[in-house]
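Engineer: Structure below; questions to follow.
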Amino acid sequence: MNEKQAIRAVFVDLDGTLLQGVDTVTPRTVAAFDKLRASGVIPVVATGRLAYEADFAMRAIEADGYMIAMNGLAVYDDYRTGHLLYEAYMSDKAVSFILERLMREKVFFQAYAGNRAYCQEDRAGLICSCGMDEEHVRFFSGTQKTVADLRAYLSAHRLKVNKFFVSVGDVSQIPFLRVALNAIEGVVTLSSGEHYIEVIPEGADKRRAVRAVREAMGLAPEEIMVIGDSENDLGMFDEAVTRVAMGNACDALKAKANYIAPSNQKDGVAWALETLLLGEQPSRFSGRIEILRAEEIEASLEFSTRQYLAGDLRLPQHLNFLLDKNVEIGISDYDHYHWEQAHYHTITSEYCYLLSGETKYIDLSDGTEYHFSAGDFYILRQDTPYVQKCREGCRLLFAKVPGLNDKVTIRMAEPLQQWCADWEAAWSPEQQAQQDALQQEE
């Protein structure tokens, strides 16, 4: 294609485009950008996020010069030094009207100001019923600052608002809310997702931002590629000749695109770079081999009795696990006697292979006691209440399918606690009856 030699910069959106989930840039995508930079093409992130929220992605693809944040409301010509080409704000009058309108609705919203997202306390709880998935709920909750009175806080700290982000649980409300917000002088609304509305200053969007960066770089529209997925990317599609919509993009964006890539979940950005710019033939295979070496695993187990090898984990651990959203696989390793609180899993089943040592279980649904030794394999099915104890030297490989934390603990009667405390202790029908009676009280 002609663009192979002409393209000198690639502008790429983050959510729904470059990223899988809220924070994953895949190894294939990183490798494609490495090759792209080596060929002299400059990557530029163009996102609706605040600059610091996009930092990890920019580091992953080494896009550390020009950067477009908040859908074009903050445009950097040197992100690492924080130097801005320009920044756009809405008027205090518009902010007042927007707050007044949003406070009438049962919606979650944030005000973006001073490179920070602010949420009023009585709105923070609505995040769980506003249409976001759990991953985005964690992300938005973890990055915002909650204040008692948003209007008063913005005024007291003399903060100029760049934009409002609104998430609506009932999507049937969105058209009416957008009409009301668009009627406020000096602002317009965009959509960045099925449940999302973004309120921004009129005339300030990704189109203006891409044009500003393109001109600062001395490039023509024929020399840039833009890649996006949402309505808020429509503007930047007007600034480029080469326009790539993701397979998961909205219909309006696909209509403007001259290339449709696979979805973000199928490495669509990597495909676009490899196929359209790097001249590579796409492989019929999309998989790869990922490795954790024995020395890494053993070193991590020196610090903890349990390490996950693969999964989609939120809590930090010593081992750099392999990302997998479908399963959790790990090793439990006990150099001392150990027992676990009785519990069950509401959704997952756990598949276990005993690498060394011994372990005992009680199935608390019927009182059956099991004794496993090295080489034994067993399955703890979903909704099986159990308790476990392990002798010193017990090492267990386990896999949880699907990979999520759905553990529900069970109160333990005194006989069960005594069984756990003593490896040699046996379990009797009389003891099971006491445990049954305790469980029936719950």
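The values are calculated or read from the model by the stated rules, or taken from the named source; none is laboratory data. Just so it is clear, the model here is predicted, and its values are computed rather than measured. Every residue, glycine among them, receives a Cβ derived from its backbone with ideal geometry; neighbour counts consider all protein chains shown. Please note that ligands, DNA and RNA were not included when accessible areas were found on the heavy atoms of the full protein model with its side chains. Shrake-Rupley method; radii C 1.70, N 1.55, O 1.52, S 1.80 Å.
Residue-wise test of (1) open to solvent by 30 Å² or more (accessible area, probe 1.4 Å); (2) outside any loop (DSSP other than H, G, I, E, B); (3) over 18 Å from Ile61 (Cβ atoms); (4) at pLDDT below 95.
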position	(1), (2), (3), (4)
Met225	no, yes, no, no
Asn232	no, yes, yes, yes
Gly235	no, yes, yes, yes
Arg243	yes, yes, yes, no
Ala255	yes, yes, yes, yes
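Engineer: If you don't mind, there's one more thing I want to ask. Looking only at the stretch 151-171, count every residue that is hydrophobic (A, V, I, L, M, F, W, C) and under 28 Å from the mean Cα position of the chain (by Cα) and tell me the total. Spell out the reasoning first.
Structural biologist: To start, the set of residues in the stretch 151-171 that are hydrophobic (A, V, I, L, M, F, W, C) comprises 152, 154, 156, 159, 161, 164-166, 168, 171.
Within this subset, residues satisfying the condition of being under 28 Å from the mean Cα position of the chain (by Cα) are 161, 164-166, 168, 171.
Total meeting the criteria: 6.
Engineer: Identify all residues within the stretch 40-52 that are touching a helix residue (DSSP H, G or I) at 6+ places or on another chain (Cβ under 6 Å), open to solvent by less than 10 Å² (accessible area, probe 1.4 Å) and of a type in the set (Gly, Ala, Ser); write none if there are none.
Structural biologist: Selection gives Ala46 alone.
Engineer: Here's another thing I want to ask about it. Of the residues that sit in the stretch 415-430 and are open to solvent by less than 40 Å² (accessible area, probe 1.4 Å) and assigned to a helix (DSSP H, G or I), which one is farthest from His336 (Cα to Cα)? Don't jump to the end; show me each part of the working.
Structural biologist: Filtering the stretch 415-430 for residues open to solvent by less than 40 Å² (accessible area, probe 1.4 Å) gives 415-416, 419-420, 423, 425, 427-428.
From what's left, assigned to a helix (DSSP H, G or I): 415-416, 419-420.
Values: Pro415: 22, Leu416: 20, Trp419: 17, Cys420: 14 Å.
The qualifying residue farthest from His336 (Cα to Cα) is Pro415.
Engineer: Consider the stretch 104-147. How many of its residues are open to solvent by 70 Å² or more (accessible area, probe 1.4 Å) and either aromatic (Phe, Trp, Tyr) or not in a strand (DSSP E or B) (or both)?
Structural biologist: Residues that pass the stated criteria total 9.
Engineer: Checking the conditions here, which among Asp13, Asp64, Asp55, Asp77 is charged (D, E, K, R) and buried (at least 24 other Cβ atoms within 10 Å of the Cβ)? Steps first, answer last, please.
Structural biologist: Numbers: Asp64 fails: buried (at least 24 other Cβ atoms within 10 Å of the Cβ); Asp55 fails: buried (at least 24 other Cβ atoms within 10 Å of the Cβ); Asp77 fails: buried (at least 24 other Cβ atoms within 10 Å of the Cβ).
Answer to the selection: Asp13.
Engineer: Within the stretch 166-187, take every residue that is free of Cβ contacts under 8 Å to residues at least 60 places away in the same chain and not in a loop (DSSP other than H, G, I, E, B) and give me the one that is least open to solvent (accessible area, probe 1.4 Å). Full working, then the answer.
Structural biologist: Restricting attention to the stretch 166-187, the residues satisfying the condition of being free of Cβ contacts under 8 Å to residues at least 60 places away in the same chain are 170-172, 174-176, 178-179, 182-183.
Now narrow it down to the ones that are not in a loop (DSSP other than H, G, I, E, B): 171-172, 174-176, 178-179, 182.
Values: Val171: 60, Ser172: 69, Ile174: 20, Pro175: 74, Phe176: 153, Arg178: 50, Val179: 103, Asn182: 71 Å².
Result: Ile174.
Engineer: Something else about it: Go through the stretch 204-223 and give me each residue that's in contact with a strand residue (DSSP E or B) (Cβ under 9 Å, 6 or more places away or on another chain), over 18 Å from Leu84 (Cα atoms) and either hydrophobic (A, V, I, L, M, F, W, C) or part of a loop (DSSP other than H, G, I, E, B) (or both).
Structural biologist: Scanning the stretch 204-223 gives a single hit, Leu219.
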